[in-house]
1. Looking only at the stretch 410-445, filter to residues that are among the β-branched types (V, I, T) and open to solvent by 30 Å² or more (accessible area, probe 1.4 Å); which one of those is farthest from the chain's Cα centre (by Cα)?
2. Given the condition open to solvent by 60 Å² or more (accessible area, probe 1.4 Å), under 30 Å from I906 (Cα atoms), out of contact with any strand residue (DSSP E or B) (no Cβ under 7 Å at 6 or more places or on another chain) and in contact (Cβ under 8 Å) with a residue 40 or more places away in the chain, answer yes or no: does some residue in the stretch 1184-1194 qualify?
3. Filter the stretch 680-713 for residues that are small (G, A, S) and within 20 Å of S819 (Cβ to Cβ) and give the result.
4. Please specify each residue of the stretch 1100-1142 satisfying the condition of being aromatic (F, W, Y), part of a loop (DSSP other than H, G, I, E, B) and more than 13 Å from G1254 (Cβ to Cβ).
5. Considering only residues that are part of a strand (DSSP E or B) and either surrounded by fewer than 18 Cβ atoms within 10 Å (Cβ to Cβ) or without any contact (Cβ under 8 Å) to a residue 40 or more places away in the chain (or both), which ones fall in the stretch 574-599?
6. Do we find that V133 is among the β-branched types (V, I, T), surrounded by fewer than 18 Cβ atoms within 10 Å (Cβ to Cβ) and modelled with pLDDT of 90 or more in this structure?
7. Of a type in the set (D, E), over 20 Å from E318 (Cβ atoms), within 49 Å of the chain's Cα centre (by Cα) and surrounded by 19 or more Cβ atoms within 10 Å (Cβ to Cβ): does that describe D379?
8. Taking interchain pairs and intrachain pairs at least six residues apart, which have beta carbon atoms under 9 angstrom, with the first residue in the stretch 357-380 and among the β-branched types (V, I, T) and the second assigned to a loop (DSSP other than H, G, I, E, B) and surrounded by fewer than 19 Cβ atoms within 10 Å (Cβ to Cβ)?
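The values are calculated or read from the model by the stated rules, or taken from the named source; none is laboratory data. Every value quoted in this text rests on a predicted model; they were computed, and no experiment measured them. Cβ atoms come from the backbone with ideal geometry, glycine included; neighbour counts cover every protein chain shown. Ligands, DNA and RNA are excluded from the accessible area calculation, which covers all protein heavy atoms including side chains. Shrake-Rupley method; radii C 1.70, N 1.55, O 1.52, S 1.80 Å.
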Amino acid sequence: MSVQLNVPLFNSRLGSVIDSWKGAADNEDYSSLKDVDAILLSAGDPAGEDEPTRKGTALQTWLLGYEFPSTFMLFQKDKVVILCSTSKAKILTQATGPNSHVPIEILAQGRAKDPPTDAFPRFLEAYCSHQRVATLTKESYTGKLIDDWKTAIAAAEKKPEVVDFSPALSSVLAVKDDEELKCVKTSATLTSTLMVHYVANRLESILDRETKITHEQFASQIESRLGYGEGDDAKGPDTKVWNHSKALSDIDWSSAEFSYSPIIHSSSTSTGYDLRPSSESSTDPMAHKGVLLVALGMRYKGYNTNLSRSFIVDPSKEQEALSVLLSTLQAELLKILVDGVMARDVYQHAVNFLKEKKPEVEKNFVKSVGHVMGLEFRDNLYTLTAKTTRRLRKDMVVNLALGFSDLEDEAGRKYALQLADTVRIVGAEPAVCLTSGVKSTNETLFFLSSEEDLKPTKPAKKTPATKAGTNGHMSPSKNKTAGGKVLRNKTRSAAQEELVQTTTARISDHQRELHARLVTDGLAKYSEGAGGSGGKEGKGWKRFQSYKGEAALPREAESLRIYVDRKAQTIILPVHGYAVPFHINTIKNVSKNDEGDFTYLRVNFQTPGQLAGKKEDTPFEDPDATFIRSITYRSADGHRFDTIFKQITELKKEVNKREQQKKEMADVIEQDVLVEVKGRRPHRLPEVFVRPALDGKRLPGEVEIHQNGLRYQSPISTQKIDILFSNVKHLFFQPCDHELLVILHVHLKAPIMIGKKKAHDVQFYREASDVQFDETGNRKRKYRYGDEDEIELEQQERKRRQLLNREFKAFAEKVAEASTQSTGDTLEPDIPFRELSFEGVPFRTNVRLQPTTECLVYLSDPPFLVVTLGEIEIASLERVQFGLKQFDMVLIFKDFTKTPLHINSIPSAQLDDVKNWLDSVDIPLAEGPVNLNWGPIMKTINEDPYDFFHQGGWTFLGGAAGGDESDAEEESDDESEFEAESEASYSSEGSAAASAYADSNASEDEGSGSEFDDEESSNDWDELERKAAKSDKKAVEKGTTQDSDDDSDRPKKKKSAPKTSAKSNGKSSNGAKAKGRRMNSNSFSWWPQVEHFTSKPEYSILVFDNRGVGNSGTPRGPYSTSGMAEDAIVLLDYVEWAEKRSIHVVGVSLGGMIAQELATRVPERIISLTLAVTTPGGRPWSNFPPWKGFTTLSKLLTITDPEVKIPMILDMVFTRDWLDLQSEDDEQGRTNHEVMTIDYRRRIDLSRPQTLVGTVSQMIAGLSHHVTTNRLSKISASIPKVLIVTGDNDNLVLPTNSVILKNAMSEAELVQWEKCGHGVHMQYPKRFNALVERVFEEGQQNLEATPEKW
């Protein structure tokens, strides 16, 4: 049944009505029901949306929760009779249970085409059997049932006396129960949140910018915060506004609506100020001075609240005093609004207060100070006027509306003031305001600065004294040409060569000045009292409140069982006989383990001193307090713990996702309304495309210049893009010389939403290519060939490009002129200098970067790059070494909280050009031979910027570029030491970068971090092997593997105490794990798995390089997978991993082929076998990879430059879509392509380069590999658990090979991941880790379940 009635609530409220009726003789509030035999509640057709809620409809909704049109209800003291249609009868039958307060009889009428029933005559007979019937005589309804009823009553012989029971019904509905009060409070929160977090801020913006907008338009903008549009174009509630209130996180938005359209009045309203809720916002433009009245009325599930405020711009002393008087009067009346007070006494107290404080405004005071509200916005029987004798009761909700009308200011202009809030009467104590915010004079009064105050500041605003050169961080001005620059590769004469030689000295001297200025400015900026900060001092701990008290705990808490309260985002845990709530944000992760007959659920909490990296500096209110690290529960009901585990995991993911979305959208702004040009046609730029593109077919539109912004209009729909001049930061015009497009590019101060995407840049362009002009079909071209024709075509092309440039440049200048007039700030179109351009990789692809007067840009294709030079603190040139063909540039911003921008792979031939340009725009620069890890560096700087500059600031980078040789040599040592620290901290950051909750099987007590000291990191491979063997020998002697806390020469992870074994022999319940790697790749690719499993004390891990790659030797080839399997067995014997059923084997690609051979030779040692993206092999030609992988591998044989090889490898191993995505665990927000590029570089640096012999020999091993179906079947039958995993987009091993493996290994499990390439364990490391960990556990379980089988 789609409609569910709240039957207990219906019975309770029905009982309240009948009890009030029975006691009417003793209570004057219900006197209209005295001596009444029955109550008739009739309803006809539904009322219109604009009509106010009727009392009859309110009573229906109050009783049943829904409105039931064309339904009659006859209430008797011992019975209720309902006349309705058959469909409604099915719903109302729910209320006829045995627990009903009185019996309920439902008379169902048939449909028009059905035979007539006796329902109507029986209802009429029941009605006419009474002497005196109460009904709502003042309400009239329409509809067929109403007409039939009137006809039947007129023809009836006996008619009861009819009386009005509206006064009694008002008394029944006025007092709210707990359910009603919840709805009222939610409605009040909606109203207050909208006023505080949107209306007040938006109004301030309108006044500050003097935005031209009508009252009606502003009201529409306010109303649209609840959503607007229909169908596919429908927009939901504005989460940027509503997310400010936690209480609104899980409400039913379909039940939220406006009681009336928001009311806006100002001094320019043609009809004058009107304080009634029935007034409307006019179409007159809003005044930017004087009094502005804003009234909001909202309802939730039918329950209304109201809020009204008066904002005064540049108030007089009188207006300021009256505003304070209203606030004081409201506070006074709250004391009077108590249980039992008469309504007229409230009004009289207000009048007496005014007579005492300010008698001259008594005549301007409103005639009513409010009314009771609920399902009806206004109950006319409970108005707070001088004549109302009704008494107010506890839990009534009142709209307390105070105001003055027809006031006059000093200039004789009329104005009004109003202050309205929704309040609740709580008993003998003063009433409380349910609506709040924007009430103090600091929030409602706006004072304008005088012109004398503004005069000194205006010149200062325009002082950017040096648009080019000195200290302005700008490229050469537009009046200068690029030819005025001295470029190294353009000096041909001896005089120019001599000038180049002196350039280095000039740059060196200038850079020393810039670096000295940096330190001086930094010390001044961040000194005490200077107001500077590192940007992270504001980071503080957050307080999360689940419940306001024990009474708010859900009923489920009484059972003292673990309960997940999604509404409160809280987990309630039983602790020593108490139900203790923990907010989901206090929980780090949760893990579940099955051991024997019991299931263990472990909850780990956020505590100080956990993982290094992202969450290392998570603030706490009292870090020195005693914290609970984790709580573990045991239960025999494994199914319930599975459910709880999933609920907590899903809730944590949901909260994290919501916080991430909120963070991403935090800087998006909603622009003001575009004011269109009137009286003339706007300037237009036709036939242009826009980026980012709008939805639908790609067709050119046109750009228009309006009063306060630009509008792009699509030709095929109502889609448009508005850009306000106040939000334009830079305007660029890029001509189509040497380009395929002519571009007008707008870079915004704050991003806006275009469709469903956030956009910092909007670009308008037209194609300059001659493709559309080649084949004109004219006779002249048809019969003319040769040089003359080519020359003519070139001339036409040149003219066309000139016309395009002229048209776009003229339009850009008009845009700049209109913007300057609108905002008052000068805006000039910036043009890129192609002569100063250089190539680099700021994102994923190599592009041509071009300086402009104020920026460094790339505008030809998305993603665009716009870097404001004035925001750059320093440029660090990295990997500047003799012999390297490329270097990198890192731009550090003055806002240290912003992530530095990396521009990689700039050709070394352009190094001097880049340095000349940076120096010419006064950007300090530094050089270094290695890449620095900027994450920890910026974190250290932000912790104490003043101390950073006090200790020399950026001198650690090497000081001024181009300095003396001795200086450079001195600094090189420091740089190399810093780089060593960066590499060592990489593992620490890597562990922290993993999501604290993404791995649901995490169970560590403490965070894991890999910390290698300098002595260890300097050891060679042989020395490390000797130390490893020595450590293993000690562990074996003591009967442990990695659980010993004694001194060990090997660096190892921190871990919790070892778990006790479930086996009788006392050994670890899970064995060790050996891993094999794919062809031509070293063991460093296992880093995500090493990091994950070393944090778990039950595992020891062995990763190694196969022969011919990494740090292993390269014996003469060719190799075979069987021979490499023998290598692995020798290694296992060496580390004494030879026990029966003691290891899990994981092999990827070539490692999976070797794992098959290993499983053939020593199946008795293996608990589980995981074969990832591998093949059983066959004939050599059947082992060839797909065409893309084959061609890429062939090319890689002849390429030695890592910067060329890495992009080819990534494109072969991973899917293109995944590479383009933003990395989930990267603090700097880089793409997967950028992160993996850095990872591959680091792996190359950490291992020896593979020789050609090793490469070819490993290829031969892969091509010659073959394990027969019979052998595969034996492997599957002899190992407790076998997993086969593959992707669906593998360029090296066809996924069909995994299917072949599965067909031969019947007991094995096959898993195929979508949108996954060859590098399964690197593309989805957390997912892969969880999968193999499950396989380990299932293998162990299978082994323990049937030990005799294995």
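1. Of everything passing the filter in the stretch 410-445, V426 is farthest from the chain's Cα centre (by Cα).
2. Checked the stretch 1184-1194: at least one residue is open to solvent by 60 Å² or more (accessible area, probe 1.4 Å), under 30 Å from I906 (Cα atoms), out of contact with any strand residue (DSSP E or B) (no Cβ under 7 Å at 6 or more places or on another chain) and in contact (Cβ under 8 Å) with a residue 40 or more places away in the chain.
3. G709
4. Matches in the stretch 1100-1142: F1104, W1137.
5. Within the stretch 574-599, P574, V575, Y578, A579, V580, P581, F582, H583, N593, D594, E595, F598 qualify.
6. Judged against the criteria, V133 is not a match.
7. Spelling it out, D379 is indeed of a type in the set (D, E), over 20 Å from E318 (Cβ atoms), within 49 Å of the chain's Cα centre (by Cα) and surrounded by 19 or more Cβ atoms within 10 Å (Cβ to Cβ).
8. Sorted first by the residue in the stretch 357-380, then by its partner, the pairs are V369/T385.
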